[in-house]
Amino acid sequence: MPTQHINGESFHVTTRGEGDPLLLVHGFPLNHSMWNSQIDHFSSRYRIIAPDLRGFGSSVVTTGTVTMEQHADDLAGLLDELGVDQPVIFCGLSMGGYIAWQFWHKYRDRVSALILCDTRAVADTEQARQGRLEMAQRVVRDGAEFVAEAMLPKLVGPDAVNAQPAVVEAIRQMILTTDPETIAAAQRGMAQRPDVTSELNEITAKTLVLVGTFDEISRVDEMRQIADAIPNSRFAEIPAAGHMAPMENAAAVNASIDKFLRELKT
Ligand code: MLT
């Protein structure tokens with residue numbers, strides 16, 4: 001059943017495969033289809049759970065402010081609805097990583113391992129916060145086109161437009177089909193997110209930190225620092241990719257995750 005009712009909202013969730021649960025949490029302003037290559041690759045061995053977060057993709061549009069904690073609560077509710085009582089491998093990209101911090105904070109017993117792709121532990125600067133609030137105001141008035149134009153150059157590496165037009169187009173379509181109210185609600189929520197840097201050393205789960213070489217939003221050095229701060233972590237740099245590494249270089253991302261998951265079993 002692709003639609004689940006959790007915490008008073010209706011969610012679309014893609015589930016596929018059997019095995020240890022692997023929860024794939026998308027970034028902003030995207031949807032579960034950013035993980036298509038990972039769903040294809042891992043569903044022969046894992047139980048994939050790839051939701052459209054509150055308001056995104058085919059989930060019902062949301063308004064107001066959606067905090068990272070709210071998304072984490074939704075995911076816990078989703079696991080309950082799906083009858084997943086075994087701890088999950090939580091894999092999140094960017095906003096999905098911001099949600100991972102909150103999920104770990106509240107539901108660590110439900111996490112068997114963390115995979116943090118192209119994300120940040122720091123809160124926004126005042127300037128970044130203002131930028132989010134301005135986008136939230138404008139997108140409701142003007143629609144999502146300017147969001148796609150503003151974000152695409154930062155989401156992919158410098159060669160992607162020429163070398164990977166299909167990937168760039170898929171990202172553009174995800175942005176353009178995200179409802180403006182949902183974009184606004186997520187921006188307001190991300191603007192409020194806390195700095196979790198000082199909590200990284202309390203993460204006891206085995207963790208993979210991976211980042212595209214050309215990521216301009218969560219840079220390689222910053223992600224290496226995250227990996228250094230998490231006691232039981234591995235770090236992987238993904239060549240020929242920017243912020244959207246799982247789409248831009250799916251083969252390398254899947255190989256890194258495969259290696260990490262093999263280590264988990266030993
Ligand atoms: C994302 O990919 O989820 C966004 O870049 C996160 C953000 O806007 O900070």
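Positive end of the dipole of the chain (Cβ unit charges, origin at the Cα centre): among Pro231, Ala76, Val211, the Cα lying farthest that way belongs to Pro231.
The mean sequence separation of alpha-carbon pairs under 8 Å and at least six residues apart, normalised by the residue count of the range 111-198, gives a relative contact order of 52 percent.
Among beta bridges identified by DSSP and lying wholly in the chain, the antiparallel ones come to about 25 percent. Annotation for the range 182-245 versus the range 145-169: alpha-carbon center distance of 20 Å.
Summed over all non-identical Cα pairs, the Kirkwood treatment of the range 1-107 gives a radius of 13.5 Å. The overall shape of the range 61-173 is prolate: from the C-alpha gyration tensor, with semi-axes ordered a ≥ b ≥ c, the ratio a/c is 1.5 or greater and a/b exceeds b/c. Surface composition of the range 78-128: carbon plus sulfur atoms contribute 44% of the solvent-accessible area (1.4 Å probe, protein chains only, all chains present). The residues of the chain have, on average, 42 Å² of accessible surface per residue, using a 1.4 Å probe with all protein chains present. Taken about its Cα centre, the range 202-265 carries a charge dipole of roughly 360 debye when the Cβ of each Lys and Arg holds +1 and the Cβ of each Asp and Glu holds -1. Taking a label point 7 Å from the Cα of Thr266 along the Cα→Cβ vector, which residues of the range 205-226 have an amide N closer than 19 Å to it? Under 19 Å, as judged by backbone N against the label point of Thr266, lie 206-209 of the range 205-226.
Accessible area per residue (1.4 Å probe, heavy atoms of protein chains only) ranks Arg234, Arg224 as Arg224, Arg234, with the largest value leading. Using a cutoff of 8 angstrom between alpha carbon atoms and counting only pairs six or more residues apart, the relative contact order for the chain works out to 20 percent. Only protein atoms count toward the accessible area here, which uses a 1.4 Å probe; on the range 154-266, the carbon and sulfur part of that area reaches 51 percent. In whole angstrom, the range 87-139 maps to an equivalent ellipsoid with semi-axes of 27, 10, 10, each derived as √(5λ) from the alpha carbon gyration tensor and ordered largest first. With a ≥ b ≥ c the root eigenvalues of the C-alpha gyration tensor of the range 146-266, is it rounded (a/c under 1.5), prolate (a/b larger than b/c) or oblate? Verdict is oblate for the range 146-266.
What does the charge dipole of the chain about its Cα centre add up to, to the nearest 20 debye, if the Cβ of each Lys and Arg holds +1 and the Cβ of each Asp and Glu holds -1?
Dipole about the Cα centre, nearest 20: 320 debye.
Please say if the chain is rounded, prolate or oblate, where rounded means a/c under 1.5 for a ≥ b ≥ c the square roots of the C-alpha gyration tensor eigenvalues, and otherwise the choice is prolate for a/b larger than b/c and oblate otherwise? Rounded, since a/c falls under 1.5.
Gain on full extension, evaluated as 0.36 nm per residue between Gln137 and Lys154 minus their Cα-Cα distance, stands at 4.0 nm.
The values are calculated or read from the model by the stated rules, or taken from the named source; none is laboratory data. On a predicted model such as this, the values are computed, not experimentally measured, just so you know. Virtual Cβ from ideal backbone geometry, glycine too; neighbours counted across all protein chains shown. Note: accessible area is taken over every heavy atom of the protein model, side chains too, but ligands, DNA and RNA are not part of it. Shrake-Rupley method; radii C 1.70, N 1.55, O 1.52, S 1.80 Å.
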